[in-house]
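J.: Just passing along the structure, written as C-alpha cells.
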C-alpha cells in the first residue's frame, strides 16, 4: 500500500529531488560556471596557465558533455547508449551555441565560430569517451557472466 499522507508524499518528493540533484547536479553546476565566466567582461586568461582559449573551450565542453550524458543515462552505465550519447552531444553543442550568442551581448566580449567548433570537438571527445568506455564495460560484464 502506498503512503498518501502529506509526510509520506513529501518524503518521496524529497527523495526524487535528491535523486535528480545527484543525476543532473554536475551538469547544471558546469553550465552555471560556464555562464558566469562568459558573463564577465574580462575573464581570467587561460594562456597564463598554458592553455589557449580554444583549448579551454574544448576542455570545458568535454566535461560538460560527460556530465550531460551522465544525466541522460540517469547515472547508470547501462543508460549510456548511442541515443543518449547523441542527445547529450546535441544538447551540449546547443548550450555552446547559446553561450556564444549570450557572450555577444557582454561588453568587451565577442562571439566566435571557432569557439563553437572547439565546444563541439570537446563535447564529442567527452561524450564519445564515455560511450566507448560504456561499451568496454558492457563487453567485460558479458564475458564475466559466461
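The values are calculated or read from the model by the stated rules, or taken from the named source; none is laboratory data. Quantities reported herein were computed from a predicted structural model and do not represent experimental measurements. We place every Cβ from the backbone using ideal geometry, glycine too, and count neighbours over all the protein chains shown.
J.: Can you tell me which residue among 89, 72 is surrounded by 14 or more Cβ atoms within 10 Å (Cβ to Cβ), modelled with pLDDT of 95 or more and within 14 Å of residue 127 (Cβ to Cβ)?
T.: Of the residues listed, the single one that is surrounded by 14 or more Cβ atoms within 10 Å (Cβ to Cβ), modelled with pLDDT of 95 or more and within 14 Å of residue 127 (Cβ to Cβ) is 89.
J.: Quick one: would you say residue 55 is in contact (Cβ under 8 Å) with a residue 12 or more places away in the chain, more than 22 Å from residue 32 (Cβ to Cβ) and either under 11 Å from the mean Cα position of the chain (by Cα) or assigned to a helix (DSSP H, G or I) (or both)?
T.: So residue 55 does not fit the description; no.
J.: Give the residues of the stretch 125-146 that are modelled with pLDDT of 95 or more and surrounded by 19 or more Cβ atoms within 10 Å (Cβ to Cβ), sorted by residue number.
T.: Scanning the stretch 125-146 gives 126, 127, 130, 131.
J.: Of the conditions (1) surrounded by 20 or more Cβ atoms within 10 Å (Cβ to Cβ); (2) assigned to a loop (DSSP other than H, G, I, E, B), residue 43 satisfies every one except a single condition; which number is it?
T.: (1)
J.: Step by step: first the residues of the stretch 99-146, then only those that are outside any helix (DSSP H, G or I) and without any contact (Cβ under 8 Å) to a residue 40 or more places away in the chain, then the one that is farthest from residue 64 (Cα to Cα). Which residue is that?
T.: 146
J.: Another question, then. From the list 104, 98, exactly one residue is surrounded by fewer than 21 Cβ atoms within 10 Å (Cβ to Cβ) and modelled with pLDDT under 95. Which is it?
T.: Just a single option satisfies the conditions, and that option is 104.
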